[in-house]
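Below: the structure, in structure tokens.
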Amino acid sequence: MVLRDGARPWPELARSGAGAACLPLWAHELLAHAGPGVAGLLPARLDVVLLHADWPHLVGAVALSTSAVIYALALRALGESWRIGLDRDMHGPLVTRGVFAVMRNPIYVSIDLHVLGTFACSGRLFFLVAAVFTIGTLHVASRVEEAFLTDTYSGAYREYWGRVRRYCPWG
């Protein structure tokens, strides 16, 4: 299925070859770099360490912790409206409370912080490439969701869209 501007719905993106391979590869490489005993699957040129200082590890730990908090707050605010993908039949009420009152896409922000935090903790090129891919994919997904929400909730979503920023509550 193709939506506005040639964008594909998020479930279709997730089922694509690149999207389907990303999570298992991410998990395997995390285990491979967590300690001895698991060999990495990637070519050596992607296993380059870019960050050698100690401070990125602290920044990464903060990002990972913040990611978990934002995700938990988003799930709490969503309640029964939690869906994966675009459900045209049972979409539930528009959620604008809790963390959704300060950012429209807290789950995507949570995932973005998680992949950036993983890169900061490991410092490896693979995790930087995976973070860029993930963040780009989620941005496309957010645009597709915005079109769906505009069609589904029309005026209420437009008012919410005008009042609350997509990712960052300030600036």
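The values are calculated or read from the model by the stated rules, or taken from the named source; none is laboratory data. As the structure is a prediction and not an experimental result, all values here were calculated from the model. Heads up, the Cβs are rebuilt from the backbone with ideal geometry, glycines too, and the neighbour counts pull from every protein chain shown. Note: accessible area is taken over every heavy atom of the protein model, side chains too, but ligands, DNA and RNA are not part of it. Shrake-Rupley method; radii C 1.70, N 1.55, O 1.52, S 1.80 Å.
Sorted largest first by accessible area at a 1.4 angstrom probe radius, with every protein chain in place, the residues Glu146, Glu159 fall in the order Glu159, Glu146. Residue ranking by accessible heavy-atom surface, 1.4 Å probe, largest first, among Trp161, Trp170, Trp82 comes out as Trp170, Trp161, Trp82. Counting only heavy atoms of the protein chains and using a 1.4 Å probe, Arg158 has close to 140 Å² of accessible surface. Taking every C-alpha pair closer than 8 Å and separated by at least 6 residues, the mean separation divided by the residue count of the range 53-160 gives a relative contact order of 33 percent. The stretch between Val164 and Ala147 holds 4.5 nm of extra length on full extension. This uses 0.36 nm per residue minus the Cα-Cα distance.
Each Lys or Arg adds one and each Asp or Glu subtracts one; over the other residues with Cβ under 12 Å from the Cβ of Tyr160, this totals +4. Length available on full extension from Ile135 to Val48: 0.36 nm per residue minus the Cα-Cα distance, which gives 29.2 nm. Accessible surface of the range 74-171, 1.4 Å probe: 62 percent of it comes from carbon and sulfur atoms.
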